[in-house]
Amino acid sequence: MKVDNISVTVFSYKTSLVNDTDGHTHPGPEHDTDMAMLSIESDDGLKGFCFGSPQALRPYLLENYIKKVFVGEDPLRFEKLWQSLARWQRGSGGQLSDKTIAIAEMALLDLVGKKLNIPLWKLLGGFRDEVPAYGSTMCGDELKGGLSSPDDYGDFALKLIKQGYKAIKLHTWMPPVSWAPNVKMDIKACAAVREAVGEDFPLMLDANHWYSRTEAFELGKAIQELGYYWYEEPMDEHSSSSYKWLADNLDIPILGPEYAEGKFHTRAEWISNGICDIARTGTMDVGGIIPSIKITHLAEAFNMDCEIHGGGAGNLAVLGAISNARWYERGLLHPFIDYNVPPAYLHKIIDPMNNGMIRMPDLPGLGEDINFDYIKINAIKKY
Ligand code: MG
(Lines give C-alpha, C1' and ligand atoms only; values in the text may rest on other atoms or scores of the structure.)
Protein backbone atom coordinates (compact mmCIF):
# COMPACT_ATOMS: atom_id res chain seq x y z
CA MET A 1 0.00 0.00 0.00
CA LYS A 2 1.43 3.33 -1.10
CA VAL A 3 0.20 6.93 -1.21
CA ASP A 4 -0.16 7.86 -4.88
CA ASN A 5 -2.41 10.93 -5.06
CA ILE A 6 -2.95 13.92 -2.76
CA SER A 7 -5.34 16.78 -3.52
CA VAL A 8 -7.19 19.68 -1.89
CA THR A 9 -10.77 20.76 -2.64
CA VAL A 10 -11.76 24.26 -1.50
CA PHE A 11 -15.52 24.73 -1.19
CA SER A 12 -17.99 27.23 0.23
CA TYR A 13 -20.62 26.81 2.93
CA LYS A 14 -22.84 29.06 4.99
CA THR A 15 -22.02 29.94 8.59
CA SER A 16 -23.34 32.29 11.27
CA LEU A 17 -19.99 32.47 13.06
CA VAL A 18 -17.68 35.47 12.75
CA ASN A 19 -14.15 36.00 14.08
CA ASP A 20 -13.18 39.14 15.99
CA THR A 21 -9.83 40.94 15.72
CA ASP A 22 -8.32 38.64 18.36
CA GLY A 23 -9.47 35.57 16.40
CA HIS A 24 -12.25 34.57 18.80
CA THR A 25 -15.59 33.30 17.45
CA HIS A 26 -18.97 34.97 18.00
CA PRO A 27 -22.48 34.76 16.51
CA GLY A 28 -23.03 37.04 13.52
CA PRO A 29 -25.02 37.37 10.30
CA GLU A 30 -25.15 34.32 8.03
CA HIS A 31 -22.54 34.52 5.26
CA ASP A 32 -20.53 32.36 2.87
CA THR A 33 -17.12 31.14 3.96
CA ASP A 34 -14.50 28.71 2.62
CA MET A 35 -13.28 25.34 3.88
CA ALA A 36 -10.64 23.01 2.44
CA MET A 37 -10.65 19.22 2.39
CA LEU A 38 -7.35 17.35 2.09
CA SER A 39 -7.65 13.98 0.35
CA ILE A 40 -4.87 11.35 0.51
CA GLU A 41 -5.40 8.39 -1.83
CA SER A 42 -3.53 5.10 -1.81
CA ASP A 43 -2.78 2.84 -4.77
CA ASP A 44 -5.60 0.49 -3.73
CA GLY A 45 -8.17 3.28 -4.23
CA LEU A 46 -8.85 4.08 -0.55
CA LYS A 47 -8.96 7.72 0.55
CA GLY A 48 -8.36 9.52 3.84
CA PHE A 49 -9.75 13.01 4.49
CA CYS A 50 -9.27 15.90 6.86
CA PHE A 51 -10.73 19.42 6.86
CA GLY A 52 -8.72 22.58 7.45
CA SER A 53 -8.57 26.23 6.51
CA PRO A 54 -7.66 26.93 2.86
CA GLN A 55 -4.68 28.96 4.15
CA ALA A 56 -3.30 25.93 6.04
CA LEU A 57 -3.66 23.83 2.86
CA ARG A 58 -2.52 26.37 0.26
CA PRO A 59 -0.93 24.98 -2.92
CA TYR A 60 2.63 25.91 -1.86
CA LEU A 61 2.39 23.72 1.25
CA LEU A 62 0.77 20.85 -0.61
CA GLU A 63 3.40 20.77 -3.37
CA ASN A 64 6.55 21.55 -1.37
CA TYR A 65 6.00 19.60 1.83
CA ILE A 66 2.99 17.26 2.08
CA LYS A 67 3.35 15.63 -1.37
CA LYS A 68 7.15 15.45 -1.15
CA VAL A 69 7.00 13.57 2.18
CA PHE A 70 3.95 11.33 1.63
CA VAL A 71 3.72 10.34 -2.05
CA GLY A 72 5.15 6.87 -2.75
CA GLU A 73 5.29 5.98 0.97
CA ASP A 74 3.40 3.36 2.97
CA PRO A 75 0.78 5.21 5.11
CA LEU A 76 1.06 2.50 7.79
CA ARG A 77 4.50 3.96 8.58
CA PHE A 78 2.78 7.06 9.94
CA GLU A 79 5.35 7.69 12.70
CA LYS A 80 8.15 7.88 10.12
CA LEU A 81 6.08 10.17 7.87
CA TRP A 82 5.08 12.43 10.78
CA GLN A 83 8.75 12.74 11.83
CA SER A 84 9.80 13.61 8.28
CA LEU A 85 7.18 16.36 7.98
CA ALA A 86 7.75 17.73 11.50
CA ARG A 87 11.55 17.87 11.06
CA TRP A 88 11.09 19.92 7.88
CA GLN A 89 9.26 22.58 9.89
CA ARG A 90 12.48 24.16 11.21
CA GLY A 91 13.86 24.73 7.73
CA SER A 92 10.55 25.85 6.19
CA GLY A 93 11.05 29.50 7.06
CA GLY A 94 7.88 29.63 9.11
CA GLN A 95 5.71 28.26 6.28
CA LEU A 96 4.94 24.82 7.70
CA SER A 97 2.74 25.26 10.79
CA ASP A 98 1.68 22.74 13.43
CA LYS A 99 -1.86 23.04 12.01
CA THR A 100 -0.76 22.03 8.51
CA ILE A 101 1.22 19.08 9.90
CA ALA A 102 -1.84 18.09 11.95
CA ILE A 103 -4.25 18.17 9.00
CA ALA A 104 -1.85 16.13 6.85
CA GLU A 105 -1.26 13.60 9.65
CA MET A 106 -4.98 13.19 10.37
CA ALA A 107 -5.87 12.62 6.71
CA LEU A 108 -3.08 10.01 6.61
CA LEU A 109 -4.38 8.31 9.76
CA ASP A 110 -7.94 8.43 8.38
CA LEU A 111 -6.62 6.47 5.40
CA VAL A 112 -4.89 3.98 7.74
CA GLY A 113 -8.12 3.47 9.71
CA LYS A 114 -10.07 2.88 6.51
CA LYS A 115 -7.45 0.41 5.25
CA LEU A 116 -7.70 -1.58 8.51
CA ASN A 117 -11.48 -0.92 8.76
CA ILE A 118 -11.18 0.30 12.36
CA PRO A 119 -11.96 3.63 14.09
CA LEU A 120 -8.76 5.47 15.09
CA TRP A 121 -9.73 5.72 18.79
CA LYS A 122 -9.73 1.91 18.89
CA LEU A 123 -6.61 1.42 16.76
CA LEU A 124 -4.60 3.77 19.02
CA GLY A 125 -5.62 2.27 22.36
CA GLY A 126 -9.39 1.84 22.63
CA PHE A 127 -9.50 2.75 26.33
CA ARG A 128 -13.19 3.83 26.36
CA ASP A 129 -16.19 4.07 24.08
CA GLU A 130 -17.70 7.21 25.63
CA VAL A 131 -16.52 10.32 27.46
CA PRO A 132 -18.36 13.03 29.46
CA ALA A 133 -18.58 16.47 27.83
CA TYR A 134 -18.10 19.88 29.31
CA GLY A 135 -19.90 22.81 27.72
CA SER A 136 -17.27 25.32 26.60
CA THR A 137 -18.69 28.83 26.11
CA MET A 138 -17.64 31.31 23.48
CA CYS A 139 -15.77 34.37 24.74
CA GLY A 140 -17.91 37.12 26.22
CA ASP A 141 -19.49 39.74 23.97
CA GLU A 142 -21.70 42.83 24.01
CA LEU A 143 -24.77 41.11 22.52
CA LYS A 144 -27.85 41.61 24.69
CA GLY A 145 -29.07 38.23 25.95
CA GLY A 146 -25.87 36.63 24.66
CA LEU A 147 -22.78 36.56 26.90
CA SER A 148 -22.72 40.25 27.77
CA SER A 149 -23.04 40.18 31.57
CA PRO A 150 -22.47 37.95 34.61
CA ASP A 151 -26.21 37.21 34.65
CA ASP A 152 -26.07 36.12 30.98
CA TYR A 153 -23.39 33.58 31.96
CA GLY A 154 -25.49 32.37 34.91
CA ASP A 155 -28.61 31.98 32.74
CA PHE A 156 -26.67 30.18 30.01
CA ALA A 157 -25.12 27.79 32.55
CA LEU A 158 -28.61 26.68 33.64
CA LYS A 159 -29.54 26.03 29.99
CA LEU A 160 -26.39 23.94 29.50
CA ILE A 161 -27.18 21.83 32.57
CA LYS A 162 -30.67 21.19 31.15
CA GLN A 163 -29.01 20.00 27.93
CA GLY A 164 -27.09 17.42 29.98
CA TYR A 165 -23.58 18.86 30.30
CA LYS A 166 -21.59 17.40 33.20
CA ALA A 167 -19.33 20.44 33.57
CA ILE A 168 -19.00 23.97 32.16
CA LYS A 169 -15.99 26.06 31.16
CA LEU A 170 -16.28 29.82 30.81
CA HIS A 171 -14.35 31.89 28.33
CA THR A 172 -14.82 35.40 29.69
CA TRP A 173 -14.40 38.81 28.04
CA MET A 174 -11.38 39.71 25.98
CA PRO A 175 -10.61 42.55 23.58
CA PRO A 176 -12.10 43.81 21.29
CA VAL A 177 -14.99 43.95 23.84
CA SER A 178 -14.86 47.68 24.65
CA TRP A 179 -14.23 47.37 28.42
CA ALA A 180 -12.26 44.09 28.45
CA PRO A 181 -10.19 42.58 29.88
CA ASN A 182 -11.45 43.18 33.38
CA VAL A 183 -10.57 40.96 36.35
CA LYS A 184 -13.47 42.21 38.49
CA MET A 185 -16.02 41.40 35.76
CA ASP A 186 -14.46 37.95 35.21
CA ILE A 187 -14.84 37.25 38.93
CA LYS A 188 -18.48 38.40 38.85
CA ALA A 189 -19.24 36.07 35.90
CA CYS A 190 -17.57 33.13 37.65
CA ALA A 191 -19.51 33.89 40.84
CA ALA A 192 -22.83 34.18 38.95
CA VAL A 193 -22.29 30.77 37.34
CA ARG A 194 -21.30 29.17 40.66
CA GLU A 195 -24.43 30.65 42.24
CA ALA A 196 -26.59 29.29 39.39
CA VAL A 197 -25.23 25.72 39.27
CA GLY A 198 -24.66 24.99 42.98
CA GLU A 199 -21.51 24.20 44.89
CA ASP A 200 -20.69 20.68 43.59
CA PHE A 201 -20.96 21.18 39.81
CA PRO A 202 -17.52 21.14 38.07
CA LEU A 203 -16.56 24.55 36.62
CA MET A 204 -13.44 25.73 34.82
CA LEU A 205 -12.18 29.12 33.62
CA ASP A 206 -10.24 30.03 30.48
CA ALA A 207 -9.46 33.73 31.02
CA ASN A 208 -7.92 36.55 28.99
CA HIS A 209 -4.57 35.22 27.78
CA TRP A 210 -2.66 38.44 28.43
CA TYR A 211 -3.16 39.26 32.10
CA SER A 212 -0.18 40.28 34.23
CA ARG A 213 0.97 38.06 37.10
CA THR A 214 -0.87 40.13 39.71
CA GLU A 215 -4.10 40.16 37.65
CA ALA A 216 -3.85 36.42 37.03
CA PHE A 217 -3.22 35.85 40.75
CA GLU A 218 -6.22 37.98 41.83
CA LEU A 219 -8.57 36.15 39.45
CA GLY A 220 -7.13 32.71 40.29
CA LYS A 221 -7.50 33.30 44.03
CA ALA A 222 -11.16 34.28 43.54
CA ILE A 223 -12.12 31.23 41.48
CA GLN A 224 -10.15 29.02 43.87
CA GLU A 225 -12.48 30.27 46.62
CA LEU A 226 -15.47 29.62 44.33
CA GLY A 227 -14.37 25.97 44.04
CA TYR A 228 -13.41 26.01 40.37
CA TYR A 229 -11.73 22.86 39.13
CA TRP A 230 -9.05 24.26 36.81
CA TYR A 231 -7.57 27.61 35.72
CA GLU A 232 -6.48 27.94 32.09
CA GLU A 233 -4.25 30.37 30.19
CA PRO A 234 -4.69 33.69 32.02
CA MET A 235 -1.22 34.87 30.83
CA ASP A 236 1.02 34.58 27.76
CA GLU A 237 2.23 30.97 27.86
CA HIS A 238 5.67 31.81 26.44
CA SER A 239 6.67 32.92 29.94
CA SER A 240 6.77 29.54 31.65
CA SER A 241 8.39 31.11 34.74
CA SER A 242 5.20 33.21 35.18
CA TYR A 243 3.14 30.03 35.19
CA LYS A 244 5.58 28.39 37.64
CA TRP A 245 5.07 31.44 39.89
CA LEU A 246 1.27 31.17 39.52
CA ALA A 247 1.21 27.41 40.19
CA ASP A 248 3.40 27.91 43.29
CA ASN A 249 1.12 30.68 44.63
CA LEU A 250 -2.30 29.11 44.03
CA ASP A 251 -3.90 25.83 45.13
CA ILE A 252 -6.33 25.58 42.17
CA PRO A 253 -4.90 23.30 39.45
CA ILE A 254 -3.19 25.22 36.63
CA LEU A 255 -3.83 23.69 33.19
CA GLY A 256 -1.48 24.13 30.25
CA PRO A 257 0.19 24.80 27.97
CA GLU A 258 -2.39 25.03 25.23
CA TYR A 259 -1.00 27.43 22.71
CA ALA A 260 2.77 27.42 23.35
CA GLU A 261 4.76 26.02 20.42
CA GLY A 262 7.16 23.12 20.80
CA LYS A 263 4.82 20.13 20.79
CA PHE A 264 5.77 17.43 23.34
CA HIS A 265 9.09 19.11 24.19
CA THR A 266 7.32 22.14 25.70
CA ARG A 267 4.83 19.93 27.55
CA ALA A 268 7.71 17.86 28.99
CA GLU A 269 9.29 21.04 30.41
CA TRP A 270 6.01 22.21 31.97
CA ILE A 271 5.28 18.80 33.48
CA SER A 272 8.74 18.05 34.84
CA ASN A 273 9.27 21.57 36.27
CA GLY A 274 5.95 21.79 38.13
CA ILE A 275 4.67 24.58 35.88
CA CYS A 276 1.24 22.96 35.40
CA ASP A 277 -0.90 20.61 37.50
CA ILE A 278 -2.91 19.30 34.53
CA ALA A 279 -1.21 19.04 31.13
CA ARG A 280 -2.78 20.15 27.84
CA THR A 281 -2.65 19.04 24.23
CA GLY A 282 -4.85 19.47 21.17
CA THR A 283 -4.36 17.95 17.75
CA MET A 284 -4.19 21.33 15.99
CA ASP A 285 -1.75 22.75 18.60
CA VAL A 286 0.96 20.08 18.49
CA GLY A 287 0.89 18.64 14.96
CA GLY A 288 -1.76 15.95 15.17
CA ILE A 289 -3.04 12.85 16.91
CA ILE A 290 0.26 10.98 17.32
CA PRO A 291 2.09 13.81 19.19
CA SER A 292 -1.05 14.31 21.30
CA ILE A 293 -1.04 10.64 22.32
CA LYS A 294 2.65 10.97 23.23
CA ILE A 295 1.87 13.98 25.46
CA THR A 296 -0.97 12.18 27.26
CA HIS A 297 1.30 9.19 27.89
CA LEU A 298 4.04 11.51 29.12
CA ALA A 299 1.61 13.09 31.60
CA GLU A 300 0.39 9.64 32.65
CA ALA A 301 3.95 8.71 33.64
CA PHE A 302 3.85 11.67 36.07
CA ASN A 303 0.41 10.65 37.45
CA MET A 304 -1.00 13.73 35.75
CA ASP A 305 -4.19 14.24 33.76
CA CYS A 306 -3.82 15.75 30.30
CA GLU A 307 -6.96 17.49 29.08
CA ILE A 308 -7.62 17.83 25.36
CA HIS A 309 -8.02 21.25 23.72
CA GLY A 310 -11.11 21.52 21.53
CA GLY A 311 -13.51 19.05 20.02
CA GLY A 312 -13.69 17.46 16.60
CA ALA A 313 -12.86 14.05 15.19
CA GLY A 314 -9.12 14.08 15.90
CA ASN A 315 -9.42 15.15 19.53
CA LEU A 316 -12.23 12.65 20.11
CA ALA A 317 -10.00 9.87 18.73
CA VAL A 318 -7.28 10.85 21.24
CA LEU A 319 -9.80 10.79 24.12
CA GLY A 320 -11.06 7.34 23.14
CA ALA A 321 -7.52 5.99 23.00
CA ILE A 322 -6.18 7.17 26.38
CA SER A 323 -7.09 6.99 30.08
CA ASN A 324 -5.85 10.19 31.73
CA ALA A 325 -8.22 12.88 30.43
CA ARG A 326 -11.59 13.41 32.06
CA TRP A 327 -13.50 15.58 29.58
CA TYR A 328 -14.42 16.24 25.97
CA GLU A 329 -14.49 19.99 25.22
CA ARG A 330 -17.81 20.52 23.39
CA GLY A 331 -18.26 23.89 21.76
CA LEU A 332 -17.80 26.63 21.46
CA LEU A 333 -21.33 27.30 22.75
CA HIS A 334 -23.49 30.43 22.75
CA PRO A 335 -27.17 31.09 23.50
CA PHE A 336 -27.75 32.22 19.88
CA ILE A 337 -26.11 29.19 18.20
CA ASP A 338 -27.49 25.63 17.87
CA TYR A 339 -24.34 23.54 18.10
CA ASN A 340 -26.22 20.35 17.12
CA VAL A 341 -26.85 21.46 13.52
CA PRO A 342 -24.09 19.99 11.31
CA PRO A 343 -22.34 22.19 8.72
CA ALA A 344 -23.60 21.51 5.17
CA TYR A 345 -20.50 19.45 4.30
CA LEU A 346 -21.23 16.81 6.98
CA HIS A 347 -24.24 14.49 7.19
CA LYS A 348 -23.97 14.62 10.99
CA ILE A 349 -21.79 16.06 13.72
CA ILE A 350 -19.02 13.87 15.15
CA ASP A 351 -20.09 14.54 18.75
CA PRO A 352 -23.84 14.17 19.35
CA MET A 353 -24.45 14.25 23.12
CA ASN A 354 -26.69 11.88 25.05
CA ASN A 355 -27.16 12.50 28.79
CA GLY A 356 -23.92 14.49 28.81
CA MET A 357 -21.87 11.72 27.20
CA ILE A 358 -20.19 11.61 23.77
CA ARG A 359 -19.92 8.16 22.16
CA MET A 360 -16.88 7.25 20.11
CA PRO A 361 -17.66 6.96 16.38
CA ASP A 362 -18.31 3.56 14.76
CA LEU A 363 -17.08 4.54 11.28
CA PRO A 364 -13.45 3.64 10.42
CA GLY A 365 -10.64 6.22 10.58
CA LEU A 366 -11.59 9.61 11.99
CA GLY A 367 -15.27 8.63 11.75
CA GLU A 368 -16.53 11.71 9.89
CA ASP A 369 -19.75 11.24 7.88
CA ILE A 370 -18.87 13.54 4.94
CA ASN A 371 -21.40 14.88 2.43
CA PHE A 372 -19.27 14.47 -0.71
CA ASP A 373 -22.15 15.52 -3.00
CA TYR A 374 -22.38 18.89 -1.23
CA ILE A 375 -18.61 19.43 -1.50
CA LYS A 376 -18.62 18.54 -5.22
CA ILE A 377 -21.49 20.93 -6.01
CA ASN A 378 -20.01 23.79 -3.96
CA ALA A 379 -16.36 23.37 -4.96
CA ILE A 380 -14.52 26.62 -5.74
CA LYS A 381 -11.19 25.11 -6.77
CA LYS A 382 -9.27 21.86 -6.69
CA TYR A 383 -5.49 21.38 -6.78
MG1 MG B 1 -8.18 27.28 26.05
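The values are calculated or read from the model by the stated rules, or taken from the named source; none is laboratory data. Here the structure is a predicted model, which means the values were calculated and not measured. Neighbour counts run over all protein chains shown; Cβ positions are idealised from the backbone, glycine included.
Some notes on this structure:
- Within the stretch 268-282, the set of residues being farther than 14 Å from His297 by Cβ and either within 14 Å of the ligand (Cβ to nearest atom) or of a type in the set (Phe, Trp, Tyr) (or both) comprises Trp270, Cys276, Ile278, Arg280, Gly282.
- Residues that are within 15 Å of the ligand (Cβ to nearest atom), buried (at least 18 other Cβ atoms within 10 Å of the Cβ) and free of Cβ contacts under 8 Å to residues at least 40 places away in the same chain within the stretch 224-262 comprise Tyr228, Tyr231, Glu233, Pro234, Met235, Glu237, Tyr243, Pro253, Ile254, Gly256, Pro257, Ala260, listed in sequence order.
- Filter pass, Ile275 being outside the structural domain of His24 (by TED's automatic domain parsing), hydrophobic (A, V, I, L, M, F, W, C), over 29 Å from Gly140 (Cβ atoms) and at pLDDT 95 or above: no
- Residues (in a loop (DSSP other than H, G, I, E, B) and either closer than 30 Å to Ser178 by Cα or of a type in the set (Val, Ile, Thr) (or both)) located in the stretch 124-140: Met138, Cys139, Gly140
- 3 or more residues within 23 Å of the chain's Cα centre (by Cα), modelled with pLDDT under 95 and not assigned by TED's automatic domain parsing to the domain that holds Glu142: qualifying helices (runs of 4 or more DSSP H) within the stretch 1-118: none
- Test: residue in the stretch 288-310 that is within 16 Å of the ligand (Cβ to nearest atom), closer than 23 Å to Tyr228 by Cβ, modelled with pLDDT of 95 or more and part of a helix (DSSP H, G or I): no
- Of the residues contained in the stretch 176-193, none is found to be of a type in the set (Ser, Thr, Tyr) and within 26 Å of Ile278 (Cα to Cα).
- Taking the stretch 271-284 as the range and being surrounded by fewer than 24 Cβ atoms within 10 Å (Cβ to Cβ) and not in a loop (DSSP other than H, G, I, E, B) as the test, the residues that pass are Ile271, Ser272, Ile278, Met284.
One line per residue, one yes/no per condition, for (1) among the β-branched types (Val, Ile, Thr); (2) assigned to a strand (DSSP E or B); (3) under 19 Å from Leu332 (Cβ atoms); (4) more than 16 Å from the ligand (Cβ to nearest atom):
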| position | (1), (2), (3), (4) |
| --- | --- |
| Glu142 | no, no, yes, yes |
| Ile161 | yes, no, yes, yes |
| Pro176 | no, no, yes, yes |
| Ala180 | no, no, yes, yes |
| Phe201 | no, no, no, yes |
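- Unmet requirement for Glu195, which otherwise passes all of (1) more than 23 Å from the chain's Cα centre (by Cα); (2) within 17 Å of Ile254 (Cα to Cα): (2)
- Qualifying residue in the stretch 130-140 (condition: farther than 30 Å from Ile322 by Cβ, more than 16 Å from the ligand (Cβ to nearest atom) and assigned by TED's automatic domain parsing to the domain that holds Pro202): no
- Check on Glu215, within 18 Å of Leu246 (Cβ to Cβ), out of contact with any His (no Cβ under 8 Å at 6 or more places or on another chain) and either outside any strand (DSSP E or B) or within 16 Å of the ligand (Cβ to nearest atom) (or both): yes
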